[in-house]
1. Mind listing whichever residues of the stretch 9-32 are part of a helix (DSSP H, G or I), among the hydrophobic types (A, V, I, L, M, F, W, C) and farther than 16 Å from VAL60 by Cβ?
2. For the stretch 135-147, which residues satisfy the criterion of being more than 15 Å from the chain's Cα centre (by Cα) and either assigned to a strand (DSSP E or B) or among the small types (Gly, Ala, Ser) (or both)?
3. Confirm whether SER221 is within 23 Å of ARG159 (Cβ to Cβ), surrounded by 13 or more Cβ atoms within 10 Å (Cβ to Cβ) and assigned by TED's automatic domain parsing to the domain that holds SER183.
4. All but one of (1) hydrophobic (A, V, I, L, M, F, W, C); (2) modelled with pLDDT under 90; (3) surrounded by 15 or more Cβ atoms within 10 Å (Cβ to Cβ) hold for LEU8, so report the exception by its number.
5. Considering each residue of the stretch 180-209, count those that are of a type in the set (S, T, N, Q), in contact (Cβ under 8 Å) with a residue 40 or more places away in the chain and more than 15 Å from SER92 (Cβ to Cβ), and give that number.
6. Specify the residue that is farthest from the chain's Cα centre (by Cα); the eligible residues are those in the stretch 248-261 that are farther than 20 Å from ASN146 by Cβ and small (Gly, Ala, Ser).
7. Taking the stretch 236-248 as the search range and keeping residues that are of a type outside the set (A, V, I, L, M) and free of Cβ contacts under 8 Å to residues at least 24 places away in the same chain, which one is nearest to SER152 (Cα to Cα)?
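The values are calculated or read from the model by the stated rules, or taken from the named source; none is laboratory data. Keep in mind that this is a model prediction, so the values were computed, not measured. Don't worry about glycine lacking a Cβ; one is built from the backbone with ideal geometry, like all the others, and counts go over all protein chains shown.
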Amino acid sequence: MRLVGAQLAQLRRNAGLTQEHLAERVNAEYDTIASIEQGRRPLKRELAVQLDEVLNTGGVLTIAVDNMPEMDKYPIWAAEFVDREAEALALSSYENQVVPGLLQTEDYARAVFRSRVPAYSEEEIEQQVAARIERQEILRRKQPPNVSFVISEAVLMDRLGGEEVWHSNVKHLIDCSHLPGISLQILPFGRESHAGLNGPFVVLETPDHEHIAYMETQRGSQLVSDPDEVSILAQKYAMLRTQALTPEESRSLLLRLLGET
């Protein structure tokens, strides 16, 4: 990704354009161009074709995207989801492994990426952390999306990064639970039924009122657009919300974990 980003930056400079001007020419956000050039966001093929036309490169960027190494192709799926996430009208997120990325503190995110096997380099860790924190801006945009989180209580039992990092992130969860448009619910231990046994997922609604879903696995990720499959996940999520504690009960649980009630 960094190589393609560096190529784009040089081609843009050769054309005498700033990042802002190039973003306008291809109808993209300035942050999108900046992130691609910095190697923090993969260049998608559709945008590569537009950039080749505007910069008159003869197809250089499209060829680069089409021939990226296999190890760089996993983030492409995630990048498409991140693009959809940034403009979503609504998000429903169930997590049973870690605190959802949109609710992680910087130190917690760093601990998550340091847990990876095989290990990231320190440079890769910092790039991943920066990208994750950048995503969280959607929770504070002028018109924030309607966001619902259901988090397994098991997630709160781990101490990724140590006690201080855990304590800070639990406080962060409480703070986020007060943000406009956010509902945070904890799925408690001891349930006799559970609608999310197949793992974490996200369902989102786009500005065009399309519903899509996203799931991550050990070796990649999957964006789901088939209406039947998305409907099944939406039904699972609706059931999870009924099985979880209410937002008020969930906030009380978080406060108890901190020893504040």
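1. ALA23
2. Result: ASN146, single match.
3. no
4. Answer for LEU8: the failing condition is (2).
5. Counting residues in the stretch 180-209 that are of a type in the set (S, T, N, Q), in contact (Cβ under 8 Å) with a residue 40 or more places away in the chain and more than 15 Å from SER92 (Cβ to Cβ) gives 1.
6. Per the stated criteria, the residue is GLY259.
7. Among those residues, the one meeting the criterion is THR242.
A quick yes/no check of all residues on (1) small (Gly, Ala, Ser); (2) modelled with pLDDT of 95 or more; (3) closer than 18 Å to LEU258 by Cβ:
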{"residue": "ARG132", "(1), (2), (3)": "no, no, no"}
{"residue": "LEU139", "(1), (2), (3)": "no, no, no"}
{"residue": "LYS142", "(1), (2), (3)": "no, no, no"}
{"residue": "CYS176", "(1), (2), (3)": "no, yes, yes"}
{"residue": "SER183", "(1), (2), (3)": "yes, yes, no"}
